[in-house]
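A.B. asks: Have a look at the structure that comes next, please.
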Amino acid sequence: MEIKKNYELAPLTTFKVSGRAEFFVAVKNKRELLAALNWAEAAKLPVWFFSGGSNILFSGNQVKGLVIKISGERYSIKGRVIAAWAGTGLTKLAKAAGEQGLTGLEWAYGVPGSLGGAVRGNAGAYGSEIASAVTEAAAYDFKKNKFVKLTNRACRFGYRQSIFKQNKNLIILHVKLKLNSGEPAEIKNLAGANFHHRLATKPKQPSAGCIFKNLEYKNLLKANPALARELAAKGLVRGGKIGVGYLIDRLGLKGKTCGGAKVSQRHANFIVNTGKATAADIKSLINLIKKEIKNKHKINLEEEIQYFGN
Ligand SMILES: Cc1cc2nc3c(=O)[nH]c(=O)nc-3n(C[C@H](O)[C@H](O)[C@H](O)COP(=O)(O)OP(=O)(O)OC[C@H]3O[C@@H](n4cnc5c(N)ncnc54)[C@H](O)[C@@H]3O)c2cc1C
């Protein structure tokens with residue numbers, strides 16, 4: 001385990017936007033994680049952690065303190081239960097589950113993040129989410145210096161929400177998923193269809209996935225009943241949610257640029273890095289979209305991506 005100084009994080013993220021860690025270390029097990037945390041505590045430095053880097057945007061050019069990447073991939077499958085280290089890739093687990101005839105992760109093929117990141121944000125797609133499969137998450141509370149095990153209920157999952165988003169001192173280490181038995185050919189077909197839909201509809205340039213959370217119909221009914229009813233009449237409410245991309249597109253913001261950042265032409269809820277985008281370019285575009293949506297519809301969009309550092 002080697003602690004590096006002034007380390008460029010761009011290659012470790014899907015946005016590929018520059019951000020330097022004052023100190024950086026990659027850890028692949030509990031022992032290395034504890035050693036890294038002890039090092040930061042002794043040096044009186046703040047700690048930041050990430051894993052797949054597919055849902056983060058740097059708050060500035062430099063992240064002060066120690067940035068820890070949860071890396072390494074390990075999992076085992078016994079019956080219908082998958083137990084995995086948090087750094088394990090979601091797509092890898094979805095593939096392994098499918099090969100064992102386990103259904104429930106077909107939505108996750110092609111999602112670029114880790115299991116830990118997915119549990120923290122209750123990642124999901126195609127009407128499913130990771131919360132339906134989680135039976136237990138083991139985490140380390142680095143402020144209280146203790147290990148905790150949380151049941152599904154204790155994880156307090158909601159739409160792109162969990163206790164791990166509320167309590168930033170909890171680092172997820174291991175997760176147990178319980179899936180259902182299925183027909184391997186059917187699982188493969190569904191996963192393949194989802195994956196091809198993903199390839200066809202999501203931008204190919206670097207991004208961090210959807211920038212904003214979709215709108216929950218029940219909340220929109222309170223905030224802007226006329227808009228809620230209009231979108232419902234157009235058949236745009238799916239699984240109780242309305243895609244924010246539709247509203248961004250309708251405001252004519254597809255293709256809008258700020259420096260090297262651009263609202264994707266393919267999917268308006270994605271901002272892409274056209275080559276030399278800075279975190280500030282992307283943040284300006286996010287603010288512009290929020291402002292225009294607020295002016296037009298009197299609603300506040302909420303970021304799904306996570307700002308990282310300082
Ligand atoms: C092209 C593309 C498509 C995507 N499609 C989807 C999709 O369909 N559905 C969806 O939900 N998301 C999607 N995403 C977003 C992202 O891939 C997921 O949210 C993913 O689960 C995030 O995991 P990560 O490891 O990359 O998190 P990171 O980006 O590394 O981190 C995100 C946040 O989680 C925290 N975190 C990371 N690891 C841990 C841990 N072990 N314990 C506690 N906190 C942790 C970090 O501190 C940070 O705040 C997409 C992204 C891209 C680029």
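A.B. asks: Does V111 satisfy the condition of being touching a Leu at 6+ places or on another chain (Cβ under 6 Å), part of a loop (DSSP other than H, G, I, E, B) and buried (at least 23 other Cβ atoms within 10 Å of the Cβ)? Even if it seems obvious, please write down each step before you answer.
C.D. replies: Values: touching a Leu at 6+ places or on another chain (Cβ under 6 Å): yes; part of a loop (DSSP other than H, G, I, E, B): yes; buried (at least 23 other Cβ atoms within 10 Å of the Cβ): yes.
Yes; evaluated as a whole, the condition is true for this residue.
A.B. asks: With the checklist (1) without any contact (Cβ under 8 Å) to a residue 60 or more places away in the chain; (2) within 11 Å of the ligand (Cβ to nearest atom); (3) of a type in the set (G, A, S); (4) more than 27 Å from E22 (Cβ to Cβ) in hand, flag the one item G87 doesn't pass.
C.D. replies: (4)
A.B. asks: When you scan segment 129-193 for strands (runs of 3 or more DSSP E) that lie fully inside it, which ones turn up with 1 or more residues that are at pLDDT 95 or above and under 18 Å from the mean Cα position of the chain (by Cα)?
C.D. replies: Working: elements: 134-141, 146-151, 170-178.
Fully inside segment 129-193 and qualifying: 134-141, 170-178.
A.B. asks: Then there's this: Kindly establish whether A138 is touching a His at 6+ places or on another chain (Cβ under 6 Å) and more than 8 Å from the ligand (Cβ to nearest atom).
C.D. replies: Numbers: touching a His at 6+ places or on another chain (Cβ under 6 Å): yes; more than 8 Å from the ligand (Cβ to nearest atom): yes.
Criteria met by A138.
A.B. asks: State whether the residues of segment 17-40 include one that is free of Cβ contacts under 8 Å to residues at least 60 places away in the same chain and either in the same structural domain as K283 (by TED's automatic domain parsing) or in contact with a helix residue (DSSP H, G or I) (Cβ under 7 Å, 6 or more places away or on another chain) (or both).
C.D. replies: yes
A.B. asks: Here's a follow-up. I'd like the full set of residues that are among the charged types (D, E, K, R) and either within 18 Å of H196 (Cβ to Cβ) or in the same structural domain as K28 (by TED's automatic domain parsing) (or both), limited to segment 97-124. Steps first, answer last, please.
C.D. replies: Of segment 97-124, the ones among the charged types (D, E, K, R) are 99, 106, 120.
Hit for segment 97-124 is E106, nothing else.
A.B. asks: Taking only segment 216-239 into account, find how many residues are touching a strand residue (DSSP E or B) at 6+ places or on another chain (Cβ under 6 Å) and farther than 21 Å from K291 by Cα.
C.D. replies: Residues that pass the stated criteria total 1.
A.B. asks: Still on this structure: Which one of E41, E73 is over 19 Å from A279 (Cα atoms) and away from the ligand (no atom under 13 Å from the Cβ)? Walk me through how you get there before you give the answer.
C.D. replies: Numbers: E73 fails: away from the ligand (no atom under 13 Å from the Cβ).
Being over 19 Å from A279 (Cα atoms) and away from the ligand (no atom under 13 Å from the Cβ) holds for just one of E41, E73, which is E41.
A.B. asks: Would you say S59 is closer than 17 Å to A208 by Cα, of a type in the set (S, T, Y) and near the ligand (Cβ under 9 Å from one of its atoms)? Show your work before the answer.
C.D. replies: Numbers: closer than 17 Å to A208 by Cα: yes; of a type in the set (S, T, Y): yes; near the ligand (Cβ under 9 Å from one of its atoms): no.
Considered against the rule, which asks whether it is closer than 17 Å to A208 by Cα, of a type in the set (S, T, Y) and near the ligand (Cβ under 9 Å from one of its atoms), S59 comes out as no.
A.B. asks: From A118, A97, grab the single residue that is buried (at least 24 other Cβ atoms within 10 Å of the Cβ), more than 11 Å from the ligand (Cβ to nearest atom) and modelled with pLDDT of 95 or more.
C.D. replies: Numbers: A118 fails: more than 11 Å from the ligand (Cβ to nearest atom).
Only one candidate passes the filter, namely A97.
A.B. asks: Working only within segment 254-277, note down all residues that are part of a loop (DSSP other than H, G, I, E, B) and basic (K, R). Write out each step before concluding.
C.D. replies: Just the residues of segment 254-277 that are part of a loop (DSSP other than H, G, I, E, B), to begin with: 254-256, 259-260, 264-270, 274-277.
Of everything in segment 254-277, those that are part of a loop (DSSP other than H, G, I, E, B) and basic (K, R) turn out to be K254, K256, R266, K276.
A.B. asks: I've got another one for you. Can R160 be described as under 28 Å from Y126 (Cα atoms) and surrounded by fewer than 15 Cβ atoms within 10 Å (Cβ to Cβ)?
C.D. replies: Details: under 28 Å from Y126 (Cα atoms): yes; surrounded by fewer than 15 Cβ atoms within 10 Å (Cβ to Cβ): no.
The answer is no for R160.
A.B. asks: Sticking with this one: Looking at segment 197-234 only, could you name the residues that are hydrophobic (A, V, I, L, M, F, W, C) and assigned to a helix (DSSP H, G or I)? Can you show your working first?
C.D. replies: Looking only at segment 197-234, we keep the residues that are hydrophobic (A, V, I, L, M, F, W, C), and these are 199-200, 208, 210-212, 215, 220-221, 223, 226-228, 231-233.
Within segment 197-234, L199, A200, L220, L221, A223, A226, L227, A228, L231, A232, A233 qualify.
A.B. asks: Condition first: surrounded by 14 or more Cβ atoms within 10 Å (Cβ to Cβ), within 15 Å of E304 (Cβ to Cβ) and touching a strand residue (DSSP E or B) at 6+ places or on another chain (Cβ under 7 Å). Can you find one or more residues in segment 194-208 that meet it?
C.D. replies: yes
A.B. asks: Another one. Just the residues that are within 12 Å of the ligand (Cβ to nearest atom) and either on the phi > 0 side of the Ramachandran plot or β-branched (V, I, T) (or both), please, taken from segment 149-179.
C.D. replies: R160, I163, I171, I172, V175
A.B. asks: So N145 ticks every box in (1) exposed (fewer than 15 other Cβ atoms within 10 Å of the Cβ); (2) in contact with a helix residue (DSSP H, G or I) (Cβ under 8 Å, 6 or more places away or on another chain) but one. Which box is left unticked?
C.D. replies: (2)
A.B. asks: On the given criteria, is A208 at pLDDT 95 or above, aliphatic (A, V, I, L, M), near the ligand (Cβ under 8 Å from one of its atoms) and more than 18 Å from E303 (Cβ to Cβ)? Write out each step before concluding.
C.D. replies: Values: at pLDDT 95 or above: yes; aliphatic (A, V, I, L, M): yes; near the ligand (Cβ under 8 Å from one of its atoms): yes; more than 18 Å from E303 (Cβ to Cβ): no.
Considered against the rule, which asks whether it is at pLDDT 95 or above, aliphatic (A, V, I, L, M), near the ligand (Cβ under 8 Å from one of its atoms) and more than 18 Å from E303 (Cβ to Cβ), A208 comes out as no.
A.B. asks: Also, quick follow-up: Could you please find all residues in segment 242-259 being out of contact with any strand residue (DSSP E or B) (no Cβ under 6 Å at 6 or more places or on another chain) and in contact (Cβ under 8 Å) with a residue 12 or more places away in the chain?
C.D. replies: Correct list: G243, G245, Y246, L247, I248, D249, L251, T257, C258, G259.
The values are calculated or read from the model by the stated rules, or taken from the named source; none is laboratory data. This one's a predicted model, so the numbers in the text were calculated from it and none came from an experiment. Backbone-built Cβ (ideal geometry, glycine too); neighbour counts: all protein chains shown.
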